[in-house]
Amino acid sequence: MGYQLRGQDSFMDELLAQADELDLSETEHRIMEFLIGSLDDDGLLRDPNADGAPLENWKIAQLLSYSSNIDVAEEDVERMVRQLQSFEPVGVGARSLQECLLIQLRRKPAQTADVLTARRIVERYYEDFRNKRMDRLKQACSLDETGLQRVWDILTPLNPQPGRALNETAAAV
């Protein structure tokens, strides 16, 4: 159990260090600290009281008001969430697995036709992707077997749990 806590602390420390590199106001810094502290073990912003549902901006603003006496607009929360989503590891701060994968696809250096197709699959045909309905994906994206394999080769190495990478690295130290 000590390793898990140590890993979690290191994960948060790494994210806080990235936040410290930004030019944030005091309020923005407090919002960022709250967001980082709200990440689950996977590095995602999910509501622990709502069976893993996304932690929405209005709820974050409400929690900040109650717990830290900070009144912020949902737009400010969204701006800080987007900032958090620019941190490493890629995908941290997403509110769902779908958003996590989309962040990773958007940050691919080469936005080739296959990467754009992968994004379209995750954006529009997520349930078919999750359930590996290959025939539906081929039809929906006008892909042949080879094209689908190229796209699948882009999708499968994506990390659905970006927080685990830092936690495991820290626990191994």
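What follows is calculated from the coordinates using simple rules that are stated; it is not laboratory data. Worth saying up front: this structure is predicted, and the values here are computed from it rather than measured. All Cβ positions, glycine included, derive from the backbone under ideal geometry; neighbour counts span all protein chains shown.
Points worth noting:
- Residue list for the stretch 48-67, filter: closer than 13 Å to residue 34 by Cα, of a type outside the set (A, V, I, L, M, F, W, C) and either surrounded by 16 or more Cβ atoms within 10 Å (Cβ to Cβ) or touching a Ser or Thr at 6+ places or on another chain (Cβ under 8 Å) (or both): 57, 59
- From the list 79, 30, the lone residue that is surrounded by fewer than 19 Cβ atoms within 10 Å (Cβ to Cβ), among the basic types (Lys, Arg) and touching a Ser or Thr at 6+ places or on another chain (Cβ under 7 Å) is 30.
- Pairs with Cβ under 9 Å, 6+ apart, first in the stretch 147-158 and in contact (Cβ under 8 Å) with a residue 12 or more places away in the chain, second of a type in the set (Lys, Arg): 147/138; 148/138; 154/108
- In the condition set (1) assigned to a helix (DSSP H, G or I); (2) surrounded by fewer than 19 Cβ atoms within 10 Å (Cβ to Cβ); (3) within 16 Å of the chain's Cα centre (by Cα), residue 88 is compliant with all but (1).
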